[in-house]
Amino acid sequence: MMEAIDISTSGLVAQRIRMNTIAMNMANIDSFNPDGTPYQRRSVEFQTGSGARDRSGQGVHVAAIRQEAVYRKEYDPSHPYADADGYVSLPGIDYLTEMTNMMLASRAYEANVTAVELSKSMLNSSLRLLG
Amino acid sequence: MFLESLLNRGAVPVLEQVMNFTQQRHSVLVNNISNFDTPGYKMQDLPVAEFDAALQEAVARREQKGGAGPLEMRPSRHLRWDGSGTLQAEAAELEDNNILFHDDNNRFVEKQMSEMAKNTLRHNVTVEMLRAQYNGLETAIRGRL
């Protein structure tokens, strides 16, 4: 029963990391790196097991945070990073995708919270057997 | 020895089996929920109908022997019991009719959540019944209400 709570916790942690990554993408929708290259969109990759070396298949963990070299072009000749044709490469992030992913992450987080609540209620009723 | 024969009769072993099963199934269902967004993961479960059939059959067999003594559970397709009668279940991919999403995951959120709620309810009901059994024993041992 305790193991069930650990599994749910791994789900909560993974969804929170996903949420942080999405927040970072949305905050950096127009950002450049210090070297002048556009910010690259981050995305998380989930895998089963509670860690890279865990083969039990129980729980979930973030295996990698990937950077995607996808950019959107905007015409702005006066921009310091504009190319010869007057186009600027900006991070390939759009709010719609990020918001959708954010809602998915938040719903998945809630599902894990519900699982913990049920684990707790089962544990409580089992403990009441003692007296 | 006396205590063992006192506890190994009536509904107590049956309730113990059900409690064991619901606890193990709960871990499997929780694992499904934590992997709702894992690419390639397939929903797993323990076979409820198979367990109920095995339990019913074991109870019927015990009835034929006079209704006393421990339950003898016989292994079925997905379920095994060890020497002490504890369930050793392997989670399996039982559902193959769910929608397969583009990330190769066959999540079915509503079903998983309701299965987990039902499983918890069954566990809690079993525990309450077990409690009632123990309370009855306690009353009998004390000899007064």
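The values are calculated or read from the model by the stated rules, or taken from the named source; none is laboratory data. Quick caveat: nothing in here was measured; it's all calculated off a predicted structure. Quick reminder, even Gly has a Cβ in these numbers, built from the backbone with ideal geometry, and neighbours come from all protein chains shown.
The requirement of being more than 13 Å from chain B (Cβ to nearest Cβ), of a type outside the set (A, V, I, L, M) and more than 20 Å from the chain's Cα centre (by Cα) is fulfilled somewhere in region A:42-65, by at least one residue. Residues of region B:95-145 that are basic (Lys, Arg) and either loosely packed, with under 11 Cβ neighbours inside 10 Å or more than 26 Å from A:Asn124 (Cα to Cα) (or both): B:Arg107, B:Arg142, B:Arg144.
Take the conditions (1) surrounded by fewer than 17 Cβ atoms within 10 Å (Cβ to Cβ); (2) within 14 Å of chain A (Cβ to nearest Cβ); (3) touching a helix residue (DSSP H, G or I) at 6+ places or on another chain (Cβ under 7 Å); (4) among the β-branched types (Val, Ile, Thr); B:Thr86 misses just one of them, which is (2). Does B:Glu57 satisfy the criteria of being away from every other protein chain (no Cβ under 14 Å) and either without any contact (Cβ under 8 Å) to a residue 24 or more places away in the chain or hydrophobic (A, V, I, L, M, F, W, C) (or both)? Considered against the rule, which asks whether it is away from every other protein chain (no Cβ under 14 Å) and either without any contact (Cβ under 8 Å) to a residue 24 or more places away in the chain or hydrophobic (A, V, I, L, M, F, W, C) (or both), B:Glu57 comes out as yes.
Within region B:18-38, being more than 7 Å from chain A (Cβ to nearest Cβ), more than 12 Å from A:Ser119 (Cα to Cα) and out of contact with any strand residue (DSSP E or B) (no Cβ under 7 Å at 6 or more places or on another chain) holds for B:Val18, B:Met19, B:Asn32. Only one entry in A:Ser78, A:Ser106 is loosely packed, with under 12 Cβ neighbours inside 10 Å and either under 18 Å from A:Met19 (Cβ atoms) or more than 14 Å from chain B (Cβ to nearest Cβ) (or both), namely A:Ser78.
The single condition among (1) touching a His at 6+ places or on another chain (Cβ under 9 Å); (2) modelled with pLDDT under 90 that B:Leu71 does not meet is (1). Applying the criterion of being of a type in the set (A, V, I, L, M, F, W, C) and touching a residue at least 40 places away in the same chain (Cβ under 8 Å) to the residues of region A:62-89, the residue that is farthest from A:Gln15 (Cα to Cα) is A:Ile65. If you take the residues of region A:81-103 that are among the polar types (S, T, N, Q) and in a helix (DSSP H, G or I), which of them is nearest to the other protein chains (Cβ to nearest Cβ)? So the residue we want is A:Asn101. For B:Ser5, indicate whether it is at pLDDT 90 or above and hydroxyl-bearing (Ser, Thr, Tyr). For B:Ser5, the condition - at pLDDT 90 or above and hydroxyl-bearing (Ser, Thr, Tyr) - is not met.
Restricting attention to region A:1-41, the residues that are of a type in the set (S, T, N, Q), away from chain B (no Cβ under 14 Å) and either outside any helix (DSSP H, G or I) or buried (at least 16 other Cβ atoms within 10 Å of the Cβ) (or both) add up to 6. Return a yes/no flag: does region B:63-70 have any residue that is surrounded by 20 or more Cβ atoms within 10 Å (Cβ to Cβ), on the phi < 0 side of the Ramachandran plot and either under 19 Å from the mean Cα position of the chain (by Cα) or not in a helix (DSSP H, G or I) (or both). No: region B:63-70 contains no residue that is surrounded by 20 or more Cβ atoms within 10 Å (Cβ to Cβ), on the phi < 0 side of the Ramachandran plot and either under 19 Å from the mean Cα position of the chain (by Cα) or not in a helix (DSSP H, G or I) (or both). Out of B:Asp103, B:Asp96, one residue alone is within 14 Å of another protein chain (Cβ to nearest Cβ), under 27 Å from A:Leu104 (Cα atoms) and not basic (Lys, Arg). It is B:Asp103. Taking the criterion of being closer than 30 Å to A:Ser125 by Cβ, hydroxyl-bearing (Ser, Thr, Tyr) and free of Cβ contacts under 8 Å to residues at least 60 places away in the same chain, the residues of region A:1-51 that qualify are A:Ser10, A:Thr48, A:Ser50. Pairs linking a residue in region B:42-54 that is part of a helix (DSSP H, G or I) to a residue that is aromatic (Phe, Trp, Tyr), with Cβ atoms under 8 Å and 6 or more positions apart or on different chains, are B:Phe51/B:Phe21.
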